[in-house]
Amino acid sequence: MSNWKWDVFYDAFPYIIKGLWITAGLTIASFVFALVFGFVWTFLRRVPFKPFQWIVVWVMEFIRSTPPLVQLFFIYYAFPQIPVIGMTLSPFVSGMIGLGVHFSTYISEVYRSGIEGVDQGQSEASTALNFSTYKKWTKIILPQAIPPTIPMLGNYLIIMFKEVPLASTIGVIGILQLANNYGAKTWDYVEPLTIVAMLFLLLSYPSAILIKKLENKMNRNFDKNKMLKETN
């Protein structure tokens, strides 16, 4: 620690902390995008046409198998050069779409597991009662399918938060980019990058503990409900 400079640490901290709002904002925006688009994948896979389902699954696997960094570069740099698209997006919007689409493929699997966990009799009963498709999903299936998936969704939120610094490669001025900028100006990198690591730890670790407690609570409620059903 002989190279550690407390004066650099105190000087860099207020400079880097300004980017926390961008990092947090991009995380939330990307996660909301992923939550919504995850439903799109889920319902596209349920289209009763096998060739279409195969295409959807292939596209999802392609997105999952491709590094998110490559996807960010493609959206930000290649989109403007594609005649059909020809659209120039800001770094923030490119990051939101890139990370959102990438994580939506994983979140779709979470939704699918939740939906498959709902008793098939519930769907059959709603059909027998002549419920519309919209009412069946919004009143019967989704209210039972989503709550058990909340802990898994929370885990993906934490993972996404730690992936957001990738967006600095396309110009998003988050805490990592500000730390790099500070290091480039002063040639002191240890202190600003340590600040970035501390900020990620301070935000992600308590969130992980909270999600773990939520998961344990959900499991206890599930076991309790299961016991009650078996008793009845």
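The values are calculated or read from the model by the stated rules, or taken from the named source; none is laboratory data. Owing to the predicted nature of the structure, the values given are computational and were not obtained by experimental measurement. Ideal geometry is used to build each Cβ from the backbone, glycine not excepted, and the neighbour counts take in all protein chains shown.
Worth pointing out:
- Filter pass, residue 205 being of a type in the set (Phe, Trp, Tyr), under 20 Å from the mean Cα position of the chain (by Cα), in a helix (DSSP H, G or I) and in the same structural domain as residue 71 (by TED's automatic domain parsing): no
- Qualifying residue in segment 69-87 (condition: assigned to a loop (DSSP other than H, G, I, E, B), within 23 Å of residue 155 (Cα to Cα) and not small (Gly, Ala, Ser)): no
Yes/no matrix, rows are residues, columns are (1) out of contact with any helix residue (DSSP H, G or I) (no Cβ under 7 Å at 6 or more places or on another chain); (2) not charged (D, E, K, R); (3) not in a loop (DSSP other than H, G, I, E, B):
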| site | (1), (2), (3) |
| --- | --- |
| 4 | no, yes, no |
| 9 | no, yes, yes |
| 13 | no, yes, yes |
| 28 | yes, yes, yes |
| 33 | no, yes, yes |
| 38 | no, yes, yes |
| 43 | yes, yes, yes |
| 58 | yes, yes, yes |
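- Test: residue in segment 126-149 that is within 25 Å of residue 53 (Cβ to Cβ), in a helix (DSSP H, G or I) and small (Gly, Ala, Ser): yes
- Residues satisfying the stated conditions in segment 89-147, i.e. of a type in the set (Gly, Ala, Ser), out of contact with any Pro (no Cβ under 8 Å at 6 or more places or on another chain) and within 26 Å of residue 30 (Cβ to Cβ): 90, 94, 95, 100, 104, 108, 113, 145
- Residues being surrounded by fewer than 21 Cβ atoms within 10 Å (Cβ to Cβ), farther than 30 Å from residue 169 by Cα and of a type outside the set (A, V, I, L, M, F, W, C) - total across segment 89-138: 19
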